[in-house]
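Single-structure report; data block below.
Rule-based calculations on the coordinates, nothing more; no lab input. Predicted, not measured: the structure shown is a model, and the values here were computed from it. A quick note on method: Cβ atoms are made from the backbone with ideal geometry, for glycine too, and the neighbour counts reach across all protein chains shown.
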Amino acid sequence: MKKFMDEQFLLQTKTAQALYHDYAKDEMIFDYHCHLNPQEIAENKRFTTITDAWLGGDHYKWRAMRANGIPEELVTGKDADPFDKFMAWASTMENALGNPLYHWTHLELQRYFGIHEVLNTKNAKAIYEEANRQFKENEELSVRGIMQKFKVYAVGTTDDPADDLAYHKVIASQTDFPAKVIPSYRPDKALNIEKETFLSYIESLGKAAGLHIQNAEDVVQALIKRLDFFVSMGCKASDHALITAPSVFKSESEVNAIFSKKLAGATLSHEEVEAYKTYVMTHLARAYAKRDIAMQLHFASIRDNNGLMFNKLGPDTGFDASHDKELAQSLSAFLNNLSQTHEVPKTIFYSLNPKDYYTLATLMGCYQDGIPGKMQLGSAWWFADHKDGMEEQMKILGNVGLLPRFIGMLTDSRSFLSYSRHEYFRRILCNIFGTWAEEGEVPYDMDMLGKVVQNISFGNAKAYFEG
């Protein structure tokens, strides 16, 4: 019987163990897509309780707590006692066997605090007090200390085009800061013309760009002006949340008429909404290609499903789910249009629905050119971000693409205690290659295999984003 989460956790063969411990374990981290708060990074935030660090904004944990019957006040309530919330999480953990949160929680206890006990309601008070003591006394548990301890080379935050990136400037001025903190360009609000908040956002975007936006062409000009500012601040990637790819192609005059209709307060048809999005996304993709910006496309999320809770808590609070829209035809049309003028940018595809993996992995092969791994099947994302999901994503990529060119793991997290997920990923990665080697499916060449897992762990991402 194996010990729970010991040093050989998830490493089922001797070759997997050697690949992880000798090659992958000590590689630096390029967390190229996350939702960390730049202000908290700039100010080197110190957490006062593990409740704040773990439950302050983690909708993964919130969903699990609700499934465990925890009252909402102990999930997202502002006035609940921090220890009561922690105890509610400990109670949830006792029922989370099989959920990746069970592994992640214990990895974080081990790697951040040196606590190897299994969290439950019996020992929760002692663990709570010990973690809080370490937050108070241990400089390694400040934001700066965490990034240094986990050998974080760079993180890509997620930033709105209208953002002045003031805190990125503060971080950049700290010449001894241990990691690069790179803004990523997230223009969703400028594309979502169907939203009630669209016109007020366009006004903010215009102010940020120094332009009076009167039509769709002005939107594009404002977005590209802000993109150039982001590039001057080190931006390497954009990010787009899409249900499916926009592929309703209309002329500039037609799209300007759609924009005018929105300005007049009229309701737009689905076709009009998609035509506007297609126009703006196409111009942005061309701008990314010209500036060597990687375009991240996140597909297949159906968001804010519980209207009552959305009205109470707002977005990103644990009420999103996997969508099942068709993707192939629209994405093919979008990319094919760009390919006619050689303007397909470096692109990373993610889907919240694993049914899309073969579609994405095969379609991206139609647009590979000139850059190793230019088109990427992104890491298993969100609800697929677990052992089975990671294995499925990597094996599909291996079957129909080039797994050794994969740019690897990202946290997509709002938590500074998420870096141990890179370890989780690397263990799964090494177990795949180690198993293949021992079963004779790949050569038993440790130098070759070691280089592959090092590249997927860090080197490929560094080369992809930095050239």
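Only Cα sites of region 185-379 enter the Debye sum here, all with the same form factor; the resulting log10 I(q)/I(0) across q = 0.09, 0.13, 0.17, 0.19 1/Å is -0.34, -0.73, -1.26, -1.49, listed in q order.
In debye, nearest 20: dipole of the chain around its Cα centre with unit charges on the Cβ of K, R (+) and D, E (-)?
Roughly 340 debye, rounded to the nearest 20.
From largest to smallest, the equivalent ellipsoid semi-axes obtained for region 325-381 from the alpha-carbon gyration tensor read 19, 14, 8 Å.
What FRET efficiency comes out for the pair Leu402/Phe249, r = Cβ-Cβ distance, R0 = 30 Å, nearest 0.05? The formula returns an efficiency of 0.45 here. Annotation for region 237-294 versus region 181-229: alpha-carbon center distance of 12 Å.
Rounded to two decimals, what is Rg over Rh for region 247-356 when you use alpha-carbon atoms and the Kirkwood radius?
Reported Rg/Rh, Kirkwood definition of Rh: 1.02.
Farthest towards the positive end of the charge dipole of the chain, among the residues Val118, Leu402, Ala237, is the Cα of Ala237, using unit charges on the Cβ of Lys, Arg, Asp and Glu. Under a model in which nothing but the beta-carbon of Lys, Arg (+1) and Asp, Glu (-1) is charged, region 70-210 shows a dipole of about 500 debye around its Cα centre. Using a cutoff of 8 angstrom between alpha carbon atoms and counting only pairs six or more residues apart, the relative contact order for the chain works out to 22 percent. By the rule of a C-alpha distance below 22 Å, with chain neighbours fewer than 8 residues away ignored, the lysines paired with Lys451 are Lys14, Lys25, Lys151, Lys374, Lys395, Lys462. Think of each Lys and Arg Cβ as +1 and each Asp and Glu Cβ as -1; about the Cα centre, that makes the dipole of region 1-129 roughly 360 debye.
The distance separating the Cα centre of region 342-359 from that of region 84-124 comes to 34 Å. By the count of neighbouring beta-carbon atoms within 10 Å, fewest first, Tyr112, Tyr201 end up ordered Tyr201, Tyr112. Considering only Met147, Ile302, Tyr128, the residue lying farthest towards the positive end of the dipole of the chain is Met147, judged by Cα position with unit charges set on Cβ.
Once R0 is set to 35 Å, what does the formula 1/(1 + (r/R0)^6) return for the Cβ-Cβ distance between Lys195 and Ser232, expressed as a FRET efficiency to the nearest 0.05? According to the calculation, E is roughly 0.75. Here's the list of lysines a cross-link from Lys78 could span, going by alpha-carbon distance under 24 Å and ignoring same-chain residues fewer than 8 apart: Lys45, Lys61, Lys125, Lys136, Lys312. Rg/Rh, computed from the Cα trace of region 327-447 with Rh as the Kirkwood radius, has the value 1.00.
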